[in-house]
1. Taking the beta-carbon count within 10 Å as an exposure proxy, list A:Ser84, B:Ser118 from fewest neighbours to most.
2. Quote the charge dipole size of segment A:1-81 about the Cα centre in Debye, to the nearest 20; the model charges only the Cβ of Lys and Arg (+1) and of Asp and Glu (-1).
3. For segment A:148-183 and segment A:6-60, compute the distance between their C-alpha centroids and round to whole Å.
4. Give the long-range amide H neighbours of B:Leu133: residues separated by 5 or more places, or on another chain, with amide H under 5 Å away, using H modelled in the peptide plane at 1.01 Å from N.
5. Given B:Gln157, A:Met141, B:Cys108, which one lies farthest toward the positive end of the charge dipole of the protein assembly as shown, if we put +1 on the Cβ of every Lys and Arg and -1 on the Cβ of every Asp and Glu?
6. Kindly state, to the nearest 0.05, the FRET efficiency for B:Gln150 paired with B:Phe22, given R0 = 25 Å and r defined as their beta-carbon distance.
7. Of A:Trp75, A:Trp164, how do they rank once you tally other Cβ atoms within 10 Å and put the fewest first?
8. In a shell of Cβ-Cβ distance under 12 Å around B:Glu94, excluding B:Glu94 itself, what net charge do Lys and Arg (+1) and Asp and Glu (-1) give?
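Every number here is computed from the coordinates shown, using simple stated rules; none is lab data. For clarity, every value in this text was computed on a predicted model and none was experimentally measured. Neighbour counts run over all protein chains shown; Cβ positions are idealised from the backbone, glycine included.
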Amino acid sequence: MSQEIAHWLDNLLEEIEGIEIRRKSSRRVRVDVPADALPALLELLQGRAGYIHLSAISCVDWIDDEEFELVYHVWSYENHSLVSAHIRIAREPGVYLSVYDLYQPAAFFERDIHEMYGIHFEGSPNMGKFILTEWDGPPPMRKEFDSEAYINEHLSWQEYNPPWLQALIAEGGGVVIPPEEQRFSRKKS
Amino acid sequence: MSSINQIPVIEAKRGNPLSKVFDELVRFCRSRSLFILHYCTGCGAIELPPAMTSRFDMERLGIQPMVSPRQADILLITGYVSIKTLKRVILTYEQMGSPKYVIGICSCTVNGGMYWQSYATAKKLDEYMPVDLYIAGCMPRPEAVIAGLQQLMNRIQSGEANSWEDYFRNYDYYLGNQQKLFGDNWQTPTDIITEAKHYNLMGEGTFGEHTRLLEQHQKPLEALDMRLGHNLKEPTE
Ligand code: SF4
């Protein structure tokens, strides 16, 4: 039965141009679409396949590609399956369309992403501050934001070096800080 | 009597030879009846329900939860304090009646813990208010919490736990750190300086450049605007 639904879903998705479908498991499908085809895809999924629940919109900052990746996770209560639609948008100016008219919960997710990454969603009902109401720095989840430099500037530390920690360090353990080259905020542009 | 300055303070003369004994008795009683205001800022709060309820039962030590800051003795900060929360914590602390004690549970209150790299959390709680005791661990077990509370009781009984006076005596230092984080306009609804004068707790560090800055900006006291989402649009139907 679920095989049948999966097959039918694949056929449905092929109606969209430039789409790439990867079936991760019987209940998970990853779809890569061009950014301008996403609203059509979501409309199709919602209207014809029962994917009525938008569980989340997630965002990834691919700073080296100068792109943001947005992932729309939609769930169907009938097929019991999750479709994750991935799109890439340019990092500058970082503007995309809101899907609020299709899925109302998108308003929250978009507002959150706007706050954390600075992406502007056209047509979203509210792009005001959400959780960081008392924050006026740059969007903190962008990779170029150097959190460590920020805290070194604004906050201070106290010495904490108990004997057990010294013993650990002597054995080559202790706190591990990733090497400079793995830290995006440390890369010189 | 409209101003706090008009309330007469009677300087107590301590001529009675029994006053030391009496002090000791007061401290003993004080340490046996502690009401904690648990400000559950972080994940460490999850260890408090078992510490309070039948399994570990803090009440056998005379420690009970209390719901309002004005009636509590201990402010228990249970975990990371985000900068937004820190403002509320300071307001709460200032409203508690003296003597008051602060316990920082969790490594996050000591040095940021696992959020050391986060832009959103304050690292050292004792920069913003005097802390009597830290209980480190991520998160400390109820046994550790109770051991810490017992230590505090001993310190109260022996008269060592008076760091709350430090907030009045060194208000300039604490205010300076608060201003550094919250901006120069930072002001709480509690007038610490007047209180310090009133209770005779002025110290060398009560006044300083930061309190002068506060006096420049000081607005007549009224409730702070702490609504969430102040730029929320009015819902349109
Ligand atoms: S020390 Fe650990 S348990 Fe405690 S608040 Fe921090 S992360 Fe949570």
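1. Fewest to most other Cβ atoms nearby, the residues stand as A:Ser84, B:Ser118.
2. The dipole of segment A:1-81 has a size of about 660 debye.
3. Going from one Cα centre to the other spans 44 Å.
4. Result for B:Leu133 returns B:Val102, B:Gly104.
5. Farthest along the dipole direction, towards plus: B:Gln157.
6. Values: r = 24 Å, r/R0 = 0.97.
Once rounded, the FRET efficiency stands at 0.55.
7. Numbers: A:Trp75 17, A:Trp164 8.
If I rank by nearby Cβ atoms, fewest first, I get A:Trp164, A:Trp75.
8. Values: positive: B:Arg70, B:Lys87, B:Arg88, B:Lys100; negative: B:Asp191, B:Glu195.
Neighbour charge sum, excluding B:Glu94 itself: +2.
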